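Taken together, the values in this text are just the output of simple stated rules run on the coordinates, not laboratory data. What you see is a predicted model, and the numbers here were worked out from it, not measured in a lab. When we count neighbours, we look across all protein chains shown, and the Cβ atoms used for this are built from the backbone with ideal geometry, even at glycine.
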Amino acid sequence: MFEGCTIKYNSFEGVNQSIQITYPANDEGIVYAKSVPLLEGNRDYADIQEWVADGNTIEEAD
Amino acid sequence: MAQIKTKGIANEVISGQTALAEAPADTDEFLVSDGGTIKRLDYTHIKSTAVTRPNVNPFLINGSMEVSQRGTSFTSNGYGLDRWTMDESSDGAVTVTQDTDVPSGYGFGKSLKVDVTTLDSSIAADQSCGFTQFFEGQNLQLLKYGTSNAENLTLSFWVKSVKTGTYCIRFVKEAGGLTRYETPIEYTISSASTWEKKVINLSPTAGSTSLITGAAGAIVNSNASAFRIMFTLASGSNFHATNNTWVAGSDKYATSNQVNFLDSTSNNFWLTGVQLEVGEYTSATLPSFQHESYGDNLARCQRYFTMYAEGGQAPVGNGLFWEAGEVFINCHLPTTMRLEPPTIYQTTGTDYFFLYRNGGADGITQLTLNASSSHNCVSIYLNAGTNGLASDTKNRPCILRAGSASAKFGLDAEL
């Protein structure tokens, strides 16, 4: 689902705010990214939760 | 000026006649003058030609394929043209484009085109290809699913394909905390590379079932996905079901008669003029496609996706330095989006965005969403580590703009 992606929390004052998904560059060399809210009902967040349930881990924020 | 009074009309124009009840019966007849000759007009004819939609705006959004905020050519799965998402899982590959090939004389300017770029001559049991529109539950309560008054639906569309044969539409009533029901319905493309108009009826009791009219057939009354329509192009046997019969379960993409559209790189498929109507219509009685202005169509698409800034110096928003190395930027959205907040969709890279402050500008690599955002306003948070922010004085005002021709900043609340 997220092959080759970087998936990392964004935080503010120590509290996670969103999750940054950075995709591999496409054929034109363009890198797409998403900043996903921690929100039930968001399909991107649901995909991340499924990815985590498969044993993957979200990187901590900088 | 003389006034025309209702009583005057009743008494003087057609004197001695009984006034028609507020709701005419099918057996009522009207008298009309055809060049001076009085003729009879059956009410059933008036009813069959009158547009009596219970909905003001089309249920199905961007059926004209005019709006495509993300671009005009897409090689990956996911959303391309607004509201339409491709899901291809075969050994082949397709490209989706916004095209100008349309049926002539019907007022359409754009179509959705699927081009097979890598063939798959044999679809495995667990493979498929198709594109889908999802519907928000709170917009579909008038279908009265989950009751014995559940409405019929009619789906109509213009289609053209190099490959003829049997194709399927997959209808899904999402679970929404109850039960998910699905049915595929077949249609036939008869002539290669020729625009054909199709009209498909979906009964709440399709296949003599009572699933949709039962309590578990109700549509969730929220902003969640409650219904979907998929145009299937190929389907493995794991996803086959009986034609036009509601069944509990998931992934009933097609019947076993579905063609394999991916069997040749010569295959192209076009679609436009997609409309979903409440009621059972034939090609003779179907109301006209509800053409919208581009602005109205775009505004309805923007509830689900908004391309906010794209290329060049496009403004993203204004903000200030919260601390020396931290900035908040607010972006006010053109419409209330489905989710609070939506996902930020963007391209990233060196100098893709610029932060203007104190007579200078600094490159920003990517944008990150802060949780203090809403349906109407998105808050972007920037710092040195994640975004490449340069330090400045606390409380300094600043402006964020796109900096690269390839820069895109959008908000995504799709279903």
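Tabulated values for the structure
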quantity	calculated
About the Cα centre, charge dipole magnitude for the protein assembly as shown (Lys/Arg +1, Asp/Glu -1 at Cβ), debye	1240
Cβ-defined net charge surrounding B:Trp246, 11 Å radius [Lys, Arg +1; Asp, Glu -1]	+2
Spherically averaged projected area in nm², based on the convex hull that wraps the Cα atoms of the protein assembly as shown	30.8
Base-10 log of normalised Debye intensity for the stretch B:307-415 (one unit scatterer per alpha-carbon) at q = 0.14, 0.19 Å⁻¹	-0.49, -0.90
Calculated from backbone phi, Karplus (6.51, -1.76, 1.60) coupling profile of the stretch B:250-264 in Hz, x at Gly/Pro	9, 6, 9, 6, 6, 8, 6, 8, 4, 6, 9, 5, 8, 7, 7
Highest to lowest packing among B:210-220, B:95-105, scored as the average C-beta count within 10 Å	B:210-220, B:95-105
Summed residue charge, Cβ within 11 Å of B:Ile46's Cβ, Lys/Arg positive, Asp/Glu negative	-3
Alpha carbon convex hull of the stretch B:168-207, projected area averaged over orientations, nm²	3.7
Per-selection metrics, chain B (Cα): Rg and Dmax in Å	26.5, 89
Cα-centred dipole magnitude for the stretch B:269-404, charges only on beta-carbon of K, R (+1) and D, E (-1), debye, nearest 20	280
Partners for B:Lys39 among aspartates and glutamates (Cα-Cα distance below 16 Å; same-chain residues under 8 apart left out)	B:Asp28, B:Glu29
Helix-derived mean residue ellipticity, 222 nm - over chain B, DSSP H n ≥ 4, -39500 (n - 2.57), to 500	-1000 deg cm²/dmol
Exercise: per-residue mean of other protein chain Cβ atoms within 10 Å, B:337-343	5
Phi to ³J(HN,Hα) by Karplus 6.51 cos²θ - 1.76 cosθ + 1.60 over the stretch B:25-38, Hz, x for Gly, Pro	7, 4, 7, 5, 10, 10, 9, 10, 9, 10, x, x, 9, 6
Loop-located trypsin sites (Lys or Arg not before Pro) in the stretch B:316-406, at most 15 other Cβ atoms within 10 Å (DSSP)	B:Lys394
Over 21 Å between alpha carbons, listed pairs B:Lys160/B:Lys252; B:Lys173/B:Lys252; B:Lys113/B:Lys160; B:Lys144/B:Lys173; B:Lys163/B:Lys198; A:Lys34/B:Lys110	B:Lys160/B:Lys252; A:Lys34/B:Lys110
Average other protein chain Cβ within 10 Å of Cβ, residues A:10-19	5
